[in-house]
Every structure is written in C-alpha cells, then in structure tokens.
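Take a look at the structure set out below.
Any read-out appearing in this document is the output of simple, stated calculations on the displayed coordinates, not a laboratory observation. The structure presented is a predicted model; accordingly, all values stated were derived computationally and were not measured. Here the Cβ is made from the backbone with ideal geometry for all residues, glycine too, and neighbour counts use every protein chain on show.
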Amino acid sequence: MDATTPLSPKKRARKLKDFSDGSKRMRYTLMTISIIGGFLLWYFITLIPTINTFLASPKQVLRALVSESAADGRYLKDITISLQRVLIGFGLAFVCSIPIAFLMGWYPKVRNLVEPWIQFMRTIPPIALIPLVILAMGLGEPPKYTIIFVAAFLVMVVTIYQGVKEVDKTLIRAAYTFGASDKDLFVDIVIPASFPYILVGARLGMAASLTTLIAAELTGTTFGLGARIQGAQQFMDTSIVLLGIITIGVIGFVLDKILLFVEKKLTGWK
Amino acid sequence: MEVMHMADLLIDIVDVHKRYKVEKGPSVNALNGVSLSIKRNEFVCVVGPSGCGKTTLLNIIAGLESYDSGSVTMHGQPIIGPGPERGVIFQQYALFPWMTVEKNIEYGLKFIRKRDADGNEVRFTAEEKRELAHHYIKMVNLSGFENSYPKALSGGMKQRVAIARAYALNPEVLLMDEPFGALDAQTRAQLQEDLLRTWEKEKKTVFFITHDVDEAVLLASKVVIMSARPGQIKEIVDIDLPYPRTQATKMDETFMRYKNYIWDTVYKMYLEIPK
Ligand SMILES: Nc1ncnc2c1ncn2[C@@H]1O[C@H](COP(=O)(O)OP(=O)(O)OP(=O)(O)O)[C@@H](O)[C@H]1O
Ligand SMILES: [Mg+2]
C-alpha cells in the first residue's frame, strides 16, 4: 500500500462493538418505530376473521376504552382498586423487608433462624396460598393485600439481604480504622452501600406485586383489573380482556419508570 | 543496631504468632514469632514474597486482626483495636463510593475530638471539617475535584484521596499496604515523591508494604525483609541514604548496592519456596 495516501476514515480504525445504549435520538426513533410497528402487526393479524374471534383489534380495544371510561363505566374504579391493592401490598412488603433483610445481614443468628423459611417459601407460588388465605380472611380486601405482600416481600427480602451481605469488607475495615462503632458502621456504611440493592429489590418487588395482582383478584371480587379480565372472558369480550392486559402493562411500566427515576436520583454515585 | 532510647520507641512488636483457622484443611501459620520495633519518625518498608504475612502484620498493627501470642504495643499500651492515631491506606483505596471526595475526607473527622480554648473535648464543626478537607485536597493536588464521586477518578487520584483522608485525621502512624501497587510508573513516581515530601515535613511514622524493592529503598529508612512459610523477619536493613530523596537518588551508587542486596535476598527466598 502507498504509505503517503491517507486512509479513508472508514479504513482508519476498526470500530469496536458499542455496548452503550446509543444516542438519545436513535433510541427514541427506534422505540417509536417498534411501538407503531407492533400496533400495525396487531391490526393486520386481527383482519383475519378466525383470529378476530379471540383477539380483538386495536380499534375494538379503543372502543372498549371509550365505553369503559364513560361516566357510567367502571374502568377508573377498576384501576384505582387494583392500584390500591398493589401499592398497599407492595408498600407493606417494602417496609417489612428492609428491617428483616438488614437484621439477617447483620446478625448471623437472625440469618440462620429466618433463612430456611424464606428459602422454603420462595419456591411456593403465592397463588397456591389463595385457598388458605381466603379461608382465613374471607373475601374482603385483606386477602388480596396478603397475597401481594407475600410475593413482593420474599423477592425484596432476598435481594436486599444479599446486598447487605455483600457490602465491601474493605469499606467496613476502613470505617473501623477511623474509630467507627458498630452503630456508626451500620448507619454510615451498611445502609448507603446497600441502597442500590434496596432499589433493585423494590423494582423486582413491584414487578412481583403486579404479576400476583391478577391471581389475587381471581376470586372473591367484582372490581379490579384482574376481576374485569376474568369477567370479560366469560362473555368472550376479548376487547375488554386486552384493554385490561394493556392497562396492567402500562401501570407496570410507569411504576417501574418511577422507581428507576428514584434509583438514578439516589444512586447517581454508582 | 544503634542504642534505642525508650522515648523513641513507638510501636513494639514482640514474638507475635498468628495462625488462620481454615474451615477445611490445616490452619495457616501466617506469622511465626515476629519481633519488630518501630521508632518515632521512622519510615519502615516491608518486602517479602507473596503470602509471607505482610498484610497480616499490618492488620495486627492497625488493630483489625487478632493474634495468638506475643504482644503489640504503641506508646507502651497494648493495641486492642483500630484507632485514629493509626491511619490505614488500603491497596484497593477503600473510598466510600456514595460520598464525594470532600465527604470522604471529612468522614473520619466525625470521630475525632479536639480540645477547645478551655481544654474541653469538642467535635469539629461542619465548617472546620470542610476547611480541613479542602486543605488536604490541595495537598494532594486534587483541587477542583471536591464534589466528584470516586467513580469519576482515576486510580492515582483515588489513591491520593485515600492519602488525604488518612492525613486529615493527623495520625501518628501511617500504615500503607502496597498503596501504589496498581498505579502506572509515572503516577507511582509522583506519589512516592509526594509521600517523601510530606513525611520529611510532617515527620510521621510510616509502615509501608511493597513488592517493589526500588520503592522500598527509595522511601525507607529501614527495610524489613520477611520470609515465607512460616512468616518471619529474615533481615532488617537500615538504609543509610540522606533525605531529602528524589527519583534521582535511584542513580546513587549506594542506592544500587542496597537495592541489589535486598533484591538478591528476596529472590533467593523466592527460589527456596517449594512450588
Ligand atoms: N483471612 C484469612 N484466612 C485464612 N488464611 C489467610 C487469611 N488471610 C491471610 N491468610 C494466609 O496467611 C498468609 C499470609 O497472608 P498475607 O495476606 O498476610 O500475605 P502477604 O504477605 O500480604 O501477601 P501478598 O504479598 O500476596 O499481599 C497467606 O498464606 C494467606 O493465605
Ligand atoms: Mg498483602
């Protein structure tokens, strides 16, 4: 090769695989294309009559949305009551899992007493508990909170506990050399160092709460998105079913984005 | 060895034994009768093959590790735990990632009490802490990075923050475990000189572990050579080179002689280790 001719920019350097998310513009463009593309695909598939019997078209779902959210519709009430169940179940789980996870991480005795039960419970799907919970609590709201609570609690306690256990030991030694007491160590080092895990735990717990919501509403309630989906199935009203599914998806997406935002704000140092 | 005045003696390690219990397999004999006296203002460097117990010895002086027998005293008082008069600088920096540079340096001050005009023990005020932090940030040439988080700093910068953090507590002794081990040659040379300058000026006592014989001879007033399996002190070499020292000291003929001698000793021990 002639050494004097400058190489074209393309030849100059091998472009390495880019593991970043790419530019903001590119990201949003692709996201929009993906969403519109998905809706188009859905629309075209439902043009096939046999499919349309069990899969409502986007237009039908939109019509369902309008009628459901009309003044005499129940859409808003379903959303509110489901959201309330998720937030109460999740909130209780969040508040309980943090101290228990920290106690487990900090005191080996607590860990050894509690861990077998947590590991055992984790393998049981929360839905399996429904009969027992209903027998114990009846058909009101408490059984729904309980099911969601159990699901979210188990996920969060395990995640946060792992975080507490994995706090960098050199940081703990460093704090000791300054003269920190065990209490200082806990407040100043262990809690902030576990923060990322608390937030990851919260996101996993939120996802678990939403997944269990439907199960929690399977029995003994007339309102709520899960109950609505169930009811609509009996009337073969797939537009309502799809509306319910999409609503749950959107709620999950929004809640996750909120937690993600909090995570970014609180753990920007990471 | 010269006659030592008791007043000069700062840390006295006498016949220390340390075994690590291992869950499976035999326990590890990390230190087997180690005795070492560290005088005030001394710069002690410790070299020796990997696994000979250097870190163990440092941790025992720091009060972070227990020992089985023997005694370790500072000012004649047994060391029973960590304390702010012994500043530790870890190889992995150990900066708190959720604190800014300034907050990292301020953190240890929270546990320090000083005497006010009336002789009462008082804490530092927030303002005093900030001032001290800024003073030491300037000392390690990191002005402008007060509000940066550790993740935004290079390895050399992180180590400088760790040094500033230790200095801010004004410890009598600095315990440094291969502090420059992970740095490139230029940064390392720079930090060596910085450390020498501050030590010459502030006359602290330094206990410094290194793998690098060059570094040991350049910095130390006394090089401790340890041997492995079990960990023992093989030899102590007083480095008779005048301070202030700079990188140019490495050209000195005496420097070379010390270096070759220590290097040979360490390498012979290395060859003797069954592999
Ligand atoms: N927590 C521990 N549990 C069991 N054995 C340990 C522990 N810490 C150190 N050891 C053993 O004790 C011996 C001395 O370890 P130490 O870390 O003090 O060596 P070192 O001289 O600092 O080595 P290096 O130069 O590689 O850092 C080694 O054989 C090591 O395997
Ligand atoms: Mg070591």
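For the reader, a short list of remarks on this structure follows.
- Among the residues of the range A:237-260, just one is surrounded by fewer than 16 Cβ atoms within 10 Å (Cβ to Cβ) and in contact (Cβ under 8 Å) with a residue 60 or more places away in the chain, namely A:Ile246.
- Of the numbered criteria (1) away from every other protein chain (no Cβ under 14 Å); (2) more than 16 Å from ligand 2 (Cβ to nearest atom); (3) within 21 Å of B:Val173 (Cβ to Cβ), the one B:Val122 fails is (3).
- Looking across the range B:70-106, the residues that are assigned to a loop (DSSP other than H, G, I, E, B), more than 7 Å from every other protein chain (Cβ to nearest Cβ) and closer than 18 Å to B:Phe208 by Cα come down to B:Glu85, B:Gln91, B:Tyr93.
- For the range B:136-162, residues that are within 13 Å of another protein chain (Cβ to nearest Cβ) and of a type outside the set (Lys, Arg) total 8.
- Candidate set: the range B:129-186, residues that are outside any loop (DSSP other than H, G, I, E, B) and among the hydroxyl-bearing types (Ser, Thr, Tyr); chosen: the one surrounded by the fewest Cβ atoms within 10 Å (Cβ to Cβ): B:Tyr167
Residues are listed down the side, and each one gets a yes or a no for (1) within 23 Å of B:Thr187 (Cα to Cα); (2) in a helix (DSSP H, G or I):
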residue: B:Val206; (1), (2): yes, no
residue: B:Ala216; (1), (2): yes, yes
residue: B:Ile225; (1), (2): no, no
residue: B:Val237; (1), (2): no, no
residue: B:Thr249; (1), (2): yes, yes
residue: B:Asn260; (1), (2): no, yes
residue: B:Asp264; (1), (2): no, yes
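- Meets criteria (away from chain A (no Cβ under 13 Å), farther than 17 Å from B:Pro230 by Cα and crowded, with 22+ Cβ neighbours inside 10 Å) for B:Cys52: no
- Flag set for B:Thr265, criterion: touching a residue at least 24 places away in the same chain (Cβ under 8 Å) and β-branched (Val, Ile, Thr).
- Among the candidates B:Ala228, B:Ala182, residue that is in contact (Cβ under 8 Å) with a residue 40 or more places away in the chain, of a type in the set (A, V, I, L, M), within 14 Å of chain A (Cβ to nearest Cβ) and within 16 Å of ligand 2 (Cβ to nearest atom): B:Ala182
Quick grid of which residues meet (1) within 21 Å of the chain's Cα centre (by Cα); (2) within 14 Å of another protein chain (Cβ to nearest Cβ); (3) over 18 Å from A:Met104 (Cα atoms):
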{"position": "A:Met156", "(1), (2), (3)": "yes, no, no"}
{"position": "A:Thr159", "(1), (2), (3)": "yes, no, no"}
{"position": "A:Ala175", "(1), (2), (3)": "no, yes, yes"}
{"position": "A:Phe178", "(1), (2), (3)": "no, yes, yes"}
{"position": "A:Leu185", "(1), (2), (3)": "no, yes, no"}
{"position": "A:Pro196", "(1), (2), (3)": "yes, yes, no"}
{"position": "A:Ser209", "(1), (2), (3)": "yes, no, yes"}
{"position": "A:Ile214", "(1), (2), (3)": "yes, no, yes"}
{"position": "A:Thr221", "(1), (2), (3)": "no, no, yes"}
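- Checked against (1) touching a residue at least 12 places away in the same chain (Cβ under 8 Å); (2) farther than 30 Å from A:Arg85 by Cα; (3) within 14 Å of chain B (Cβ to nearest Cβ), A:Glu263 passes all but condition (2).
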